[in-house]
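To start, the structure itself, in structure tokens.
Read-outs throughout are calculated quantities, based only on the coordinates presented, and are distinct from any laboratory measurement. As the structure is a computational prediction, the values presented were derived from the model and not from experiment. Glycine gets a Cβ as well: all are built from the backbone with ideal geometry, and neighbour counts include every protein chain shown.
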Amino acid sequence: MNNSTRQVLLPLLIAITVAGCSGRPPRPPSVTETSAARAELADRVRFIENYVTFRRKYVKLDYDVMYQNNGGGMIPGPSDWDIRLIAEVPPAEIDDWVPAGAEKIAVSEPEWLRELPGSIKRDGITEWYRKSGTIVAIDRTRSIVAYWNTTMPE
């Protein structure tokens, strides 16, 4: 490669690298954690808000989060995650959990729901919704919501 080619390519490569790194919000760090790691509700909420795009109010919250940040290295890639939570929420906000355009589905109690940590009762969950990689389940009587969002194949 001659000097004139280097003089053109080097600034171009630097510009592409800088442009690719700017303007994106930082991705959260990789983590595998359950709600057992944090005793206080406020700490659990702060943690979960790093890994979901919505903001909600909670009376109780239990979760199991696996998030793999694949943004590092020479060629950043999309991240992978498996985020599961069960929560008691204010009754007036329960409908906010159903994604717009979600289809109502029939589901019996799945394994992922049984495996969630915590003592929030799951036996009254009767409404199930799906949209893309998200499943939301609701117990309107006790104001319980179960949520699962994943990039992993089911």
Practice task
Would you mind computing, in nm to one decimal, how far apart the modelled labels at Thr32 and Trp112 are, each placed 7 Å from Cα along Cα→Cβ?
Solution key: 1.7
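Work out, step by step, the length gained on full extension between Thr53 and Asp95: first 0.36 nm times the residue separation, then minus their alpha carbon distance; give nm to one decimal.
Numbers: separation 42, 0.36 × 42 = 15.12 nm, distance 1.67 nm.
Extra length from Thr53 to Asp95 when fully extended: 13.4 nm.
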Handout entry: Cα point-scatterer Debye curve for the stretch 27-150, base-10 log of I(q)/I(0) at q = 0.09, 0.10, 0.16, 0.21 Å⁻¹
Key = -0.25, -0.31, -0.77, -1.28
Practice task
Would you give the gap between the C-alpha center of the stretch 126-143 and the C-alpha center of the stretch 54-91, rounded to a whole Å?
Solution key: 17
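Compute the relative contact order of the stretch 27-150 as a whole-number percentage, counting only Cα pairs closer than 8 Å that sit 6 or more residues apart in sequence. Please report the intermediate quantities before stating the final value.
Details: 230 pairs, mean separation 30.3, N = 124.
Relative CO of the stretch 27-150 lands at 24 percent.
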